[in-house]
Ligand SMILES: Nc1ncnc2c1ncn2[C@@H]1O[C@H](COP(=O)(O)OP(=O)(O)OP(=O)(O)O)[C@@H](O)[C@H]1O
Ligand SMILES: [Mg+2]
């Protein structure tokens, strides 16, 4: 729907660390994600990308500024309400995938479903297999994740982020440790899921080829978004 916003943040400020090592990690960051759009956040190491994603994903709170989820401000909500909203509405793909290595691919995907507690054991298992099918790993559902390749583990992490059919997907370098072919496959998979399900996706990436395929690119530097470009503009930060 035109004008609808899934997730937005307004003038976020965040300080991290103590005393001399205190860092002003976010300095007035605002952006909004509409359903069916893919946004990239790019910028040098340490500029605040992961900090921003953690706050947008309700895993951390800002020191100032606010977040709106589906047009409702969530700033005043207690932690347990934030956790509930996160489980229901947000899928997170971390910078390091954080799969439980001893658990099978299927069991890893069932963890967020268990936390939400809406499906029976059989329903959860069936859904996990369906999601693995979607990322091309149906055959490997019962394999411990430590016996999967890096690219396969990343695809399990994508499937796990989709477990509760989130409206919003936040991904921190989802293709960071993959080779070119697997990076493109993982990105295309995410792009297709977003378009098919009218979801909103924000991903952090250092990969110019991937950033330039997103609908919007936000350039970050020193805790600020210094520019936002629509797709098609060649980015100065990626020029040599
Ligand atoms: N827990 C923490 N305590 C103190 N400082 C922190 C903490 N976490 C992050 N920082 C600092 O905050 C700044 C932003 O960190 P952040 O992890 O958001 O960067 P990033 O853009 O994601 O970098 P990268 O591309 O390397 O992942 C950095 O200067 C970092 O050192
Ligand atoms: Mg980071």
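Any read-out appearing in this document is the output of simple, stated calculations on the displayed coordinates, not a laboratory observation. All values derive from a computational prediction rather than experimental measurement. With ideal geometry, Cβ positions are generated from the backbone for all residues, glycine too; neighbour counts draw on all protein chains shown.
Mean-square fluctuation check for the chain, GNM, Cα pairs under 10 Å: which of 136, 151, 48 is largest? Per the Cα network of the chain with a 10 Å cutoff, 136 tops the list. Of 122, 51, the sequence from fewest to most neighbouring Cβ atoms within 10 angstrom is 122, 51. Please say if segment 175-227 is rounded, prolate or oblate, where rounded means a/c under 1.5 for a ≥ b ≥ c the square roots of the C-alpha gyration tensor eigenvalues, and otherwise the choice is prolate for a/b larger than b/c and oblate otherwise? Cα axes put segment 175-227 in the oblate bin.
Per residue, the chain reaches -10000 deg cm²/dmol at 222 nm when only DSSP H runs of four or more residues are counted, each adding -39500 (n - 2.57).
Across all directions, the shadow cast by the convex hull of segment 54-181 built on its C-alpha atoms averages 8.6 square nanometres.
Across the chain the C-alpha pair distances fall into 5 Å bins from zero in the proportions 1, 6, 14, 18, 20, 17, 13, 8, 3, 1, 0 percent.
In the chain, what % of DSSP beta bridges are antiparallel (nearest 5)? Percent antiparallel among DSSP bridges in the chain is about 55.
By other beta-carbon atoms within 10 Å, ranking 67, 93 with the fewest at the front produces 67, 93. By the beta-carbon count within 10 Å of each Cβ, the least crowded to most crowded order of 217, 226, 90, 109, fewest first, is 226, 90, 217, 109. Rounded, prolate or oblate for segment 93-138? Axes are the square roots of the Cα gyration tensor eigenvalues, ordered a ≥ b ≥ c, and the cut-off for rounded is a/c under 1.5. Verdict is oblate for segment 93-138. Note on segment 128-210: along the principal axes its Cα atoms extend 33, 27, 16 Å, ordered by decreasing extent. Between the helical axis of 105-116 and the longest alpha-carbon principal axis of the chain there is an angle of about 60 degrees. Between segment 1-42 and segment 215-230, what is the C-alpha centre distance in whole Å? Each part reduced to its Cα centre gives a spacing of 10 Å. Derived value for segment 111-159: Kirkwood hydrodynamic radius 11.3 Å. Basis is the mean of 1/r over every pair of different alpha-carbon atoms.
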